[in-house]
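Input: a single structure, listed below in C-alpha cells.
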Amino acid sequence: MNLLDWWYGLVGLSIPTLVIYTLIVTHLTIMSVTLYLHRHSAHRALDLHPALAWCFRAWLWLTTGMSTKEWTAIHRKHHALVETKDDPHSPQVHGLKEIFWKGTEYYRASATDETLEKYGKGTPDDWWERHIFTAHSYWGIGSMMVADLVLFGSLGVVVWAIQMLWIPVLAAGVINGVGHAVGYRNFETPDASTNIVPWGILIGGEELHNNHHTYPNSAKFSVKPWEFDMGWFWIRLFSVFGLAKPRSTGPVVARQDDKVHIDMDTVWGALNDRFRVMSRYAEMVVAPLAKLEVRRAEGATRRLFRRAKNILCREEMLVGERDRHDIKAILESSPILRTLYEKRLELNAVWAKRGGSRDDLLKAFRDWCVAAENTGIQALRDFVTELKSYTVPLARATT
C-alpha cells in the first residue's frame with residue numbers, strides 16, 4: 001500500500017457516504033447516552049438486557065470516554081439541586097452563554113469524590129468498569145481515532161473530531177444550557193426546563209427536556225400527540241426483541257368519569273399527576289376566562305389581559321419584575337382573574353402538604369374543591385368535577 005492509499009484510507013468512501021456514516025455513529029452515541037446513561041442508569045426508568053447495556057457502555061468508551069458512575073451522579077445531582085448554586089450546570093445561575101460554551105468544564109468540576117459517592121450508587125462496578133472503561137477511558141477514544149484514520153485516512157480526523165464534540169456540544173451545551181433557557185413549556189415545573197423543539201430526533205428525545213423534568217422517572221419523554229421521542233422509538237423496537245423494558249411511562253394515575261366523590265385515591269391520583277393538573281387548570285379555567293376579559297377590555301388593559309394566562313400560571317421562579325407589575329395590574333383590574341390566581345396559589349399550597357399526614361392532605365384537598373365550587377365560576381366547577389374523577393389504579397399509591 002502506497003502513501004496515497006493511506007491518505008484516502010482503506011475504505012475510500014465518497015463524501016456523501018462519509019456524511020451518512022458520521023450521522024449513524026453520532027446517532028449511536030446519542031442513543032447510548034439517552035437510553036443507557038440517562039433513562040436506564042440515572043433514573044432507573046428503563047431496564048436493558050445486560051448484553052445491550054454492555055454494548056452501550058463499550059460504545060461510550062470508544063466515542064466519549066465517559067464514566068457511567070460519573071455521568072449518573074452528576075445528572076442525579078442536577079435533578080436534586082436544580083437551578084440552585086449547587087446545580088452542576090444551571091444557566092439560570094451561571095448564564096446561558098457560560099453553560100453553552102463551557103458545559104464540559106462545569107461537568108468536570110462537579111465530578112468530585114463526594115458527588116460520586118452520594119449520587120453514583122447502583123452503577124456498574126464490574127471487571128470491565130474497573131480495568132477498562134473507567135480505568136483507561138482514553139484508550140477508547142484513542143482506539144476510535146486509530147480506527148477512523150485507518151478507515152478514512154485524512155478525513156478520519158474530521159470524523160473523529162465530530163464524534164468527540166457531539167456530546168459536549170449537544171448534551172452539555174444544548175440540553176444543559178438551551179434546555180433550561182429557550183423553548184416552550186408543557187408544565188410549570190419548579191425549574192426553568194424547556195422543550196427546545198417538539199421533535200426529539202437529533203438528540204434522541206432529550207430535546208423534550210421540560211417533559212423529562214416533569215416526569216423524570218418516565219422512560220418516554222413525549223407527552224403531547226404532536227411530540228416525537230426518538231429514544232422511545234428505539235425502546236419500543238428493542239422491547240420487541242426482549243432487550244428493553246420500560247419501568248414507567250408517567251405518573252401512576254387513572255380517571256373514572258363516573259367518580260363523583262373525593263377520597264384518598266382521588267388525592268393521590270391528582271397529586272401524582274399534579275403538573276398535568278395545573279396545566280389543565282391553565283387551559284381549562286384561566287385561558288377561557290382571560291379571553292372573555294380581553295373581549296370586554298379596551299386599550300392598554302386589553303393588551304394586559306392578553307398576557308394573563310401565561311403570567312398568572314407561570315412558575316414563581318420564572319416571574320420577572322415586569323411580570324410582577326403586570327400581575328398586580330391584572331388582579332386590580334379583574335376580580336374574576338384575581339379569584340382564579342388566588343385559587344391556583346391555594347391549590348399549589350395543597351400539593352405542598354404531601355409530606356404531612358394523609359388526613360390533613362385529604363381535608364385540604366376537599367376544602368379547596370368546596371371553595372372553588374362556591375365561587376360560582378362555572379369553569380372552576382367543571383375543573384373540580386374533573387379532579388373528582390382522579391384515582392390510583394394500584395393498591396399502593398406513590399408520589
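Couple of notes before you dig in:
- Test: residue 282 is at negative phi, modelled with pLDDT of 95 or more, part of a helix (DSSP H, G or I) and in contact with a helix residue (DSSP H, G or I) (Cβ under 9 Å, 6 or more places away or on another chain): yes
- Pairs with Cβ under 7 Å, 6+ apart, first in the range 340-364 and over 27 Å from residue 330 (Cβ atoms), second open to solvent by less than 50 Å² (accessible area, probe 1.4 Å): 353/361; 353/364; 354/271; 354/361; 358/264; 361/267; 362/264; 362/267
- Scanning the range 34-55 for residues that are surrounded by fewer than 22 Cβ atoms within 10 Å (Cβ to Cβ) and closer than 18 Å to residue 241 by Cβ gives 47, 48, 49, 50, 51, 52, 53, 54, 55.
- Once the range 321-344 is narrowed to residues that are out of contact with any helix residue (DSSP H, G or I) (no Cβ under 9 Å at 6 or more places or on another chain) and not charged (D, E, K, R), the residue that is most open to solvent (accessible area, probe 1.4 Å) is 325.
- All of 111, 51, 58 fail the test of being of a type outside the set (Lys, Arg) and touching a helix residue (DSSP H, G or I) at 6+ places or on another chain (Cβ under 7 Å), apart from 111.
- Hits in the range 85-103 (condition: under 19 Å from the mean Cα position of the chain (by Cα) and either in a helix (DSSP H, G or I) or under 14 Å from residue 174 (Cβ atoms) (or both)): 89, 91, 92, 93, 96, 99, 100, 103
- Residue list for the range 69-84, filter: in a helix (DSSP H, G or I) and polar (S, T, N, Q): 72
- Test result for residue 354, at pLDDT below 95, farther than 19 Å from residue 186 by Cα, open to solvent by 10 Å² or more (accessible area, probe 1.4 Å) and under 24 Å from the mean Cα position of the chain (by Cα): yes
Residue-by-condition table, conditions (1) of a type in the set (D, E, K, R); (2) under 24 Å from residue 78 (Cβ atoms); (3) within 10 Å of the chain's Cα centre (by Cα):
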position	(1), (2), (3)
204	no, yes, no
219	no, yes, no
228	no, no, no
231	no, yes, no
235	no, yes, no
239	no, no, no
249	no, yes, no
255	yes, no, no
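- Some residue of the range 112-125 being open to solvent by less than 40 Å² (accessible area, probe 1.4 Å), touching a residue at least 40 places away in the same chain (Cβ under 8 Å), farther than 24 Å from residue 18 by Cβ and touching a His at 6+ places or on another chain (Cβ under 9 Å): yes
- Cβ-Cβ under 7 Å pairs, at least 6 apart or on other chains, the range 290-311 side under 19 Å from residue 187 (Cβ atoms), far side open to solvent by 100 Å² or more (accessible area, probe 1.4 Å) and not charged (D, E, K, R): none
- Odd one out for residue 176, checked against (1) within 11 Å of the chain's Cα centre (by Cα); (2) modelled with pLDDT of 95 or more; (3) within 20 Å of residue 91 (Cα to Cα): (2)
- Scanning the range 207-219 for residues that are crowded, with 24+ Cβ neighbours inside 10 Å and out of contact with any Pro (no Cβ under 7 Å at 6 or more places or on another chain) returns 207, 208, 209, 210, 211, 212, 214.
- From the list 328, 363, 343, 309, the one residue that fits, being over 30 Å from the mean Cα position of the chain (by Cα), closer than 23 Å to residue 277 by Cα and part of a helix (DSSP H, G or I), is 363.
- Residues that are under 22 Å from residue 203 (Cβ atoms) and in a helix (DSSP H, G or I) were ranked within the range 232-244; the one that is most open to solvent (accessible area, probe 1.4 Å) is 236.
- Comparison of 156, 179 shows that the only residue that is open to solvent by less than 20 Å² (accessible area, probe 1.4 Å), closer than 30 Å to residue 277 by Cα, part of a helix (DSSP H, G or I) and touching a residue at least 24 places away in the same chain (Cβ under 8 Å) is 179.
- All positions within the range 264-289 that are of a type outside the set (A, V, I, L, M, F, W, C) and without any contact (Cβ under 8 Å) to a residue 24 or more places away in the chain: 283
- Entry remark, the range 132-153: residues being aliphatic (A, V, I, L, M), within 31 Å of the chain's Cα centre (by Cα) and open to solvent by 60 Å² or more (accessible area, probe 1.4 Å) number 0 in total.
- The numbered conditions (1) modelled with pLDDT under 90; (2) in a loop (DSSP other than H, G, I, E, B); (3) not β-branched (Val, Ile, Thr) are all true for residue 107 except (2).
- Filtering the range 245-263 to residues that are more than 15 Å from residue 214 (Cα to Cα) and in a loop (DSSP other than H, G, I, E, B) leaves 247, 256, 257, 258, 259, 260, 261, 262, 263.
The values are calculated or read from the model by the stated rules, or taken from the named source; none is laboratory data. In this text, all values refer to a predicted model and were calculated from it rather than measured experimentally. Methodologically, a virtual Cβ is constructed for each residue, glycine included, from the backbone with ideal geometry; neighbour enumeration extends over all protein chains shown. Ligands, DNA and RNA are stripped out before the accessible areas are found, and what is left, the full protein with its side chains, is counted by its heavy atoms. Shrake-Rupley method; radii C 1.70, N 1.55, O 1.52, S 1.80 Å.
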